[in-house]
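Written below as structure tokens is the structure these notes are about.
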Amino acid sequence: MSISNTLEAARAADKADALAPYREHFLFPQKQSDNVLYFTGNSLGLQPKGARAIILEELDDWARWGVDGHIEAKRPWLSYHEIFANSLSKIVGAKESEVVAMNGLTTNLHLLMVSFFRPEGKRTKILCEGKAFPSDQYALKSQLRFHGLDPQDHLIELMPDPETELIDDERIIKAIDEHRDEIALIMIGGVNYYTGQWFDMERITDAGKRAGAIVAWDLAHAAGNVPLELHKWNVDFAAWCGYKYLNSGPGGVSGVFIHEKHHGKTETPRFEGWWGHNKEDRFQMPDTFVPINSAEAWQLSNAPVLSMAPLRASLDLYDQVGMQALRTKSLALTAYLEMVIQDASKNSGQAIRIITPSDPKKRGCQISISVPGKGKAAFEKLSAAGVIADWREPDVIRLAPVPLYNSFEDVYHFGQLLTKFLKD
Ligand SMILES: *Cc1c(COP(=O)(O)O)cnc(C)c1O
């Protein structure tokens, strides 16, 4: 069903949308006492209204109990990280034992590469997408150097097509095949942060596993955005940020997935800490590390409760909605944004190139557009008019209509503003 580009149609679509009430669970930045049009949930998710209360509860329990809060707090701090596993497992398609919330994303990528990037013999290379997010490039290159390997020779970066800026799934699979004896690790961003392209994770994982490589995904832009089946796809490990689609607040806690086939192995090289040690005798302070038989074995420290608390407020909403309903709305809302952008181009006579794949199976809820010549001026006018979007040099605007809190009316108004500013 397509929704026409009118205010009435957008409002009718919001009225018919079962997820529309969830917008009320979030705090929107204000501009002249109006909500801004917020399209940067792919960068920093909005604050769930429940976040403040849940942090205050922890402050209250700290005041009331002091150290005894580890046992007596409403959500005991000793096992605090456990309150996230069930919800996260549903978001990424995993068993509860395969996920844990801890640290930051880049930290986690390093910790997991310590265990799973083990170059040996001919198998020494890492394959990744070209123009990967800079932090991922730094992480991969420094891991190679850490093993005494020159990134020039050992990092296979599959460059995007210069015309489309996308990387064809087939090309990735072909490259895996070509380098099948040399690849130790494949690590790709599941949804590309710049183009919004969602790779065929299942097929790429399968090709990588058949080539004998470890297959890992950076899900910074995928977790909470697109439906995932990490366990079923036989992914070795993955990590994501909590503060983008998952709304855990600035610098909020990351999450990791480690397939159960890797659990409980004492021989796995790992940077170890007491929070990864067997819970039964952790406090008897034994001097030999025995890993917990789950993803928790990769934890180092006890949980930073105050900074993790807001994630729980957001996951309560994810639990209620579920990824399937979220994806259904996401498909409709993203298609609507795409149409509204195409209309803006037609009605203003200004060429707009949509970089993000038009195939809904190859994208989540982000649309990246390139507006040659007029991009920056239009972006600045949009910002002044209360649109929060993301600018990338030289002429790219990234927009994420987030199904948990953006409305069809948001998208409609954006289209009107874009048309106006492209005409100016
Ligand atoms: C946002 C993002 C990061 C950020 O890393 P942090 O460690 O959370 O600061 C890393 N990689 C990708 C692909 C991202 O999109």
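The values are calculated or read from the model by the stated rules, or taken from the named source; none is laboratory data. Predicted, not measured: the structure shown is a model, and the values here were computed from it. Note that each Cβ is placed from the backbone with ideal geometry, even for glycine, and that neighbours are counted across all protein chains shown. Each accessible area value is taken on the protein alone, full model and side chains, heavy atoms only, with ligands, DNA and RNA left out. Shrake-Rupley method; radii C 1.70, N 1.55, O 1.52, S 1.80 Å.
Taking region 17-172 as the region of interest, the number of lysine pairs whose Cα atoms are within less than 28 Å, with members eight or more places apart or on different chains, is 9.
Less than 5 angstrom separates the built amide H of Phe257 from those of Ala238, Ala239, all sequence-distant by 5 or more or on a different chain. Summary of packing: across the peptides 381-393, 35-47, the per-residue average of other C-beta atoms within 10 Å ranks them, highest first, as 35-47, 381-393.
Extension gain for the segment Asp68 to Asp153, taken as residue separation times 0.36 nm less the Cα-Cα distance, is 25.2 nm to one decimal.
Could you tell me which of rounded, prolate or oblate describes region 285-406, using a ≥ b ≥ c as the square roots of the eigenvalues of the alpha-carbon gyration tensor, with rounded for a/c under 1.5 and, failing that, prolate when a/b is larger than b/c and oblate otherwise?
Because a/c hits 1.5 or more and a/b exceeds b/c, region 285-406 counts as prolate.
Per residue, the accessible area of region 55-320 comes to 42 Å² when a 1.4 Å probe rolls over the protein heavy atoms. When each of the peptides 21-28, 202-209 is scored by how many other beta carbons lie within 10 Å of its residues on average, the order from highest to lowest is 202-209, 21-28. Once the 1.4 Å probe is applied to the protein heavy atoms, region 1-51 comes out at 57 Å² accessible per residue.
Phi angles across region 198-211 convert, under the Karplus curve 6.51 cos²θ - 1.76 cosθ + 1.60 with θ = phi - 60°, into 3J(HN,Hα) values of 9, 6, 6, 4, 5, 5, 5, 4, 4, 4, x, 5, 5, 7 Hz, Gly and Pro given as x. Prolate is the label for region 55-320, because the ratio a/c of its alpha-carbon gyration tensor axes (a ≥ b ≥ c) is 1.5 or higher and a/b is greater than b/c.
Once both labels are positioned 7 Å from their Cα atoms along Cα-to-Cβ, the gap between Ala325 and Trp391 label points is 3.8 nm.
Our coupling estimate for region 108-124, obtained by passing each phi through the Karplus curve with A = 6.51, B = -1.76, C = 1.60 and θ = phi - 60°, is 5, 4, 5, 4, 6, 5, 4, 7, 10, 9, 10, x, 7, x, 7, 8, 10 Hz, Gly and Pro reported as x. For the peptides 214-226, 63-75, 281-293, the ranking by packing is 214-226, 63-75, 281-293, with the highest mean count of neighbouring Cβ atoms within 10 Å listed first. The label-point distance for Asp161 and Glu409, in a model that sets each label 7 Å from Cα toward Cβ, rounds to 4.0 nm.
Projecting the Cα atoms of Asn406, Leu158, Gly364 onto the charge dipole of the chain (Cβ charges, centred on the Cα centre) puts Asn406 farthest toward the positive pole. Here the dipole of region 55-320 is about 320 debye; that uses its Cα centre as origin and unit charges on the Cβ of Lys and Arg (positive) and Asp and Glu (negative).
In order along region 216-233, the Karplus-derived 3J(HN,Hα) couplings, from 6.51 cos²θ - 1.76 cosθ + 1.60 at θ = phi - 60°, round to 10, 10, 8, 9, 3, 9, 10, 5, x, 10, 10, x, 10, 9, 4, 5, 4, 6 Hz, and Gly and Pro are given as x.
The H on the amide N of Val226, modeled in the peptide plane, is under 5 Å from the matching H of no residue at least 5 residues off or on a different chain. When both region 3-32 and region 181-234 are represented by their alpha-carbon centers, they are found 33 Å apart. Projecting the Cα atoms of Ile352, Leu326, Ser79 onto the charge dipole of the chain, computed from C-beta unit charges around the Cα centre, puts Ile352 farthest toward the positive end.
Treating r as the C-beta distance of Glu57 and Gln30 and R0 as 30 Å, the FRET efficiency rounds to 0.70.
Please give the contour-minus-distance gain from Asn86 to Arg171: 0.36 nm per residue of separation, less the Cα-Cα distance, rounded to one decimal in nm.
Stretched out fully, the Asn86 to Arg171 stretch lengthens by 27.1 nm.
Taking each residue as 0.36 nm, the span from Ala12 to Leu78 lengthens on full extension beyond its C-alpha to C-alpha distance by 19.0 nm. Every helix of 4 or more DSSP H residues in the chain counts as -39500 (n - 2.57), and over all residues that averages to -11500 deg cm²/dmol at 222 nm. Residues whose amide H lies under 5 Å from that of Thr356, counting only those 5 or more places away or on a different chain, are Ser368; hydrogens are built 1.01 Å from N in the peptide plane.
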